[in-house]
Amino acid sequence: WDLLKKGETQRADSVLGISLNLCWLLATVAEPFIPSTSAEICKQIKVPKETLFIPGEEKDGKFACSFGPPTKTWAEAKVKGGLFAGHKIGKAKHLFKPIDAKALPGFRKKYGGVGVESSTPSNIF
């Protein structure tokens, strides 16, 4: 908001645009591992799941990313990736619930593995 207060609207637009495209990219890479979180990101930034991919092509056995300038339509975004200028997002909300410190011993016992007895909230945070 400091940029807007200083009258640097073009820079503020760029920062917000890059931030939203990073959220879109996070949804893309998270989808195979935490699909429900990816879907929630898509819902919050109002993007169709069909646009979740890393744009580019295979060249000489290597992947070359071609993430380019902002797109103008969803059809173009499906080919190039990214969000287009003027895109309207939804209401933001937390993606994950905070973990209560009182629940940590139970999580450690269930998921902690070897050496879990020595872990305390003070040495993991």
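Since every read-out is calculated from the coordinates, none of them should be taken as a lab result. The structure displayed is predicted, hence computed values, not measured ones. Quick reminder, even Gly has a Cβ in these numbers, built from the backbone with ideal geometry, and neighbours come from all protein chains shown.
Backbone amide hydrogens, once placed in the peptide plane, bring Phe84 within less than 5 Å of Thr71, excluding anything fewer than 5 places away on its chain.
A simple spin-label model places the labels of Leu25 and Lys43 2.6 nm from each other, with each point 7 Å out along Cα-to-Cβ. 3J(HN,Hα) along region 22-32, derived from phi through the Karplus expression 6.51 cos²θ - 1.76 cosθ + 1.60 where θ = phi - 60°, amounts to 5, 4, 4, 5, 4, 4, 5, 6, 7, 3, x Hz, with x in place of Gly and Pro.
Modelled this way, with points 7 Å down the Cα-to-C-beta line, the labels at Leu4 and His94 are 2.4 nm from one another. Expressed as a whole percent, the proportion of Cα-Cα pairs in region 1-41 lying more than 17 Å apart is 45%.
3J(HN,Hα) along region 90-102, derived from phi through the Karplus expression 6.51 cos²θ - 1.76 cosθ + 1.60 where θ = phi - 60°, amounts to x, 7, 7, 8, 4, 7, 10, 8, x, 9, 5, 4, 5 Hz, with x in place of Gly and Pro. Each peptide in 45-54, 9-18 receives the mean, over its residues, of other Cβ atoms within 10 Å, and ordering these scores from highest gives 45-54, 9-18.
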